[in-house]
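Notes for the one structure printed next.
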Amino acid sequence: MSESAVDPEEVAHVADLARVDLADDELEAFAEQFADILAYFETLDEVPEVESEPDLTNVMRADEVEASLSQAEALENAPDAEDGFFKGPRVS
């Protein structure tokens, strides 16, 4: 690119806001890189939009009620239980 879309002074301003110290050669390099990135975004703007409605299908199965363990059966093999709940070690 002959004329950069990003001025090194703008890069310096953003670097100051971010509290990043950049040398003059780094300012020039970042200005060129930012200009390239902006050019990529301009290229993306040229891509035509595709308008299509995706076909939505329900991928969830219906809930089915099945027999399960009672609370006492579930706690039967627990190393420690209290008031009908699993008891674990203290965290704090």
GNM on the chain, Cα springs under 10 Å; top mean-square fluctuation among Ala31, Ala15, Ala81 goes to Ala81
Per residue, the convex hull enclosing the Cα atoms of the chain spans a volume in Å³ of 295
Expected max-MSF residue from Leu75, Leu27, Leu38 in the GNM of the chain (alpha carbon, under 10 Å) is Leu75
For region 72-80, Karplus-derived ³J(HN,Hα) couplings (6.51, -1.76, 1.60; θ = phi - 60°; whole Hz; x for glycine and proline) come out as 5, 5, 5, 8, 4, 9, 5, x, 8
For region 9-20, in residue order, the Karplus 3J(HN,Hα) values (coefficients 6.51, -1.76, 1.60; θ = phi - 60°; whole Hz; Gly and Pro = x) are 5, 5, 5, 4, 5, 5, 5, 5, 4, 8, 6, 10
Contour minus Cα-Cα span, Met60 to Glu46, at 0.36 nm per residue, comes to 1.2 nm
With Cα coordinates, the longest principal axis of the chain makes an angle with the long axis of helix 24-45, in degrees rounded to 10, of 70
For Pro89, the net charge from surrounding residues (Cβ-Cβ under 13 Å; K, R +1; D, E -1) works out to 0
Val14 and Leu69 label points (each 7 Å along its Cα→Cβ direction) are spaced in nm at 5.6
Checking Glu42, Glu82, Glu26 against a Gaussian network model of the chain (alpha-carbon springs below 10 Å), the top fluctuating residue turns out to be Glu82
Under 5 Å from the placed amide H of Ala81, counting only residues 5+ away or on other chains, we find Lys87
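Bear in mind that the values in this text are calculations on the coordinates, not laboratory data. All figures in this text were calculated on a predicted structure; none of them were measured in a lab. Note that each Cβ is placed from the backbone with ideal geometry, even for glycine, and that neighbours are counted across all protein chains shown.
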